[in-house]
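No value in this document is a laboratory result; all are computed from the given coordinates. Keep in mind that what you see is a predicted model, and the values were worked out from it rather than measured. With ideal geometry, Cβ positions are generated from the backbone for all residues, glycine too; neighbour counts draw on all protein chains shown.
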Amino acid sequence: MTGNIQINKGLYLPAWIYGLAVALRNKLFDWGVFSSETFPVPVISIGNISVGGTGKTPHTEYLIDLLSKKYRVAVLSRGYKRKTRGFVLADENSNSAQIGDEPLQMHRKFPSITVAVDANRRRGIRNLLNLPVNQKPEVILLDDAFQHRYVKPSLSILLTDSNRPFYDDYLLPAGRLREKPENHKRADIIICTKCPESFTSADCQIQTEKINLLPHQQLFFSSYRYKNLQPVFPGTNPFKEEVSDRLNLENEAVLLVAGLADPSGLIEYLKKYTADLQTIICPDHHYFAQKDVQAMTDFIRTTAGRSKRVIASEKDAMRLANNPFIPDEIKAFIYYLPIEVVMLFDKNIFTQKIESHVGKFK
């Protein structure tokens, strides 16, 4: 599963220099020169060692779904590529420019929880804990915070892509690691994400041996399940049939629009259902420009005599929904494909681990 990992050996020297800087920063925290703050509520960090693409938001949503039935849950994110600064609390008028695409996605999907953004996580947590008593969170989930060591989480979850595990990768810029692989020791739980359908218990054993878990750590495995197509602009569905559980794209031309760190999984999934798949692939969290929208418009206008559809990822939909360049004539053809996390093999053990941590927290 890891044979396609590309390491740029010509960049070993800058990667070594980068590694020294990161190692020094971590040592300053370990030595207490930089302080890590703890808080009187469970703070669960979900992060990674690599740059993007491990599934932090879907796994955060999995925890929201698990915990929000019993507790007041808040999610605190940096709000990457938002156009605001400081602490911002999501409300019914929030958009991706104000809080970022992934926080907006979580806010819309789970309107009963609190979603906030702040690059300064300590300040963000303090602001959340200063909310009125009936809004004050009982659990705080920190999205993408493994490197944010100014906060010491009560539980740290580290994600690694099963197709590009951290133990086979290399530091930036030669590879995609933010810090050395051995720093996985700071995590309490490690999840190998994006496991393929063919993933077996034997694969689990191989991963377990290579990660070399410490006594306090537990390893879990997860995969994705794609859900029903949903219109980005509700009420504009041009298809007479209802969108079904199973994709029915056999006779359709599909344009995938993706601003993701790793769109390969989505591409492979759609190829199973349509022989006519075109793509517009952009950088992660990309704000689609007028030229991108023009390409979508051209696709809709020139695909004559056939059903056609533009499909985006869920977080891309958060940015498309507020895009000022999209003409009304194509809005009806733009859909997004939600995903959800499926825990493999030890789902009940994982659930018990999370519920026990929050329930026994003092």
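Let me know the shape class of the stretch 124-274, please: from the alpha-carbon gyration tensor, a ≥ b ≥ c as square roots of the eigenvalues, rounded when a/c is under 1.5, otherwise prolate if a/b is greater than b/c, or oblate.
Numbers: a/c = 2.22, a/b = 1.31, b/c = 1.69.
Here the stretch 124-274 falls in the oblate category.
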If contacts are Cα pairs under 8 angstrom and at least 6 residues apart, what is the relative contact order of the chain in percent? 20
Exposure-ranked with fewest Cβ neighbours within 10 Å first, Glu61, Glu314 stand as Glu314, Glu61
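In the stretch 261-345, which trypsin sites (Lys or Arg not before Pro) are in a loop and have at most 15 other Cβ atoms within 10 Å, using DSSP for the loop call? Please report the intermediate quantities before stating the final value.
Numbers: sites: Lys271, Lys272, Lys291, Arg301, Arg306, Lys308, Arg309, Lys315, Arg319, Lys331; in loops: Lys272, Arg306.
Listed in order of number, the matching sites are Lys272, Arg306.
Checking a compactness column here: for the stretch 228-337, what do you get for Rg(Cα) / (2.2 N^0.38 Å), N being the number of residues?
Numbers: Rg = 12.8 Å, N = 110, 2.2 N^0.38 = 13.1 Å.
Ratio of Cα Rg to 2.2 N^0.38 Å: 0.97.
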Within the chain, which DSSP H helices have Cα atoms that stretch 20 Å or more along the helix axis and a mean Kyte-Doolittle hydropathy of at least -1.0? 12-30
Global form of the stretch 19-60, assessed from the alpha-carbon gyration tensor, a/c cut-off 1.5: oblate
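P(r) tail for the chain, what percent of Cα pairs lie past 29 Å? Walk me through the numbers before you get to the answer.
Details: 29004 of 65341 pairs.
More than 29 Å apart: 44 percent of the Cα pairs in the chain.
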Would you mind calculating the relative contact order of the stretch 228-337 from Cα pairs under 8 angstrom and at least 6 residues apart, reporting the percent as a whole number? 39
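Exposure proxy check: Cys192, Cys282 ranked by fewest other beta carbons within 10 Å? Mind showing how you got there, number by number?
Numbers: Cys192 25, Cys282 17.
Ranked by crowding around the Cβ, least crowded first: Cys282, Cys192.
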Which residue, chosen from Val257, Ser201, Ala289, occupies the Cα position most advanced towards the positive end of the dipole of the chain, where the dipole is computed from +1 (Lys, Arg) and -1 (Asp, Glu) charges on Cβ about the Cα centre? Ala289
Within a 10 angstrom radius of the beta carbon, how do Asp292, Asp328, Asp65 rank from fewest other beta carbons to most? Asp328, Asp65, Asp292
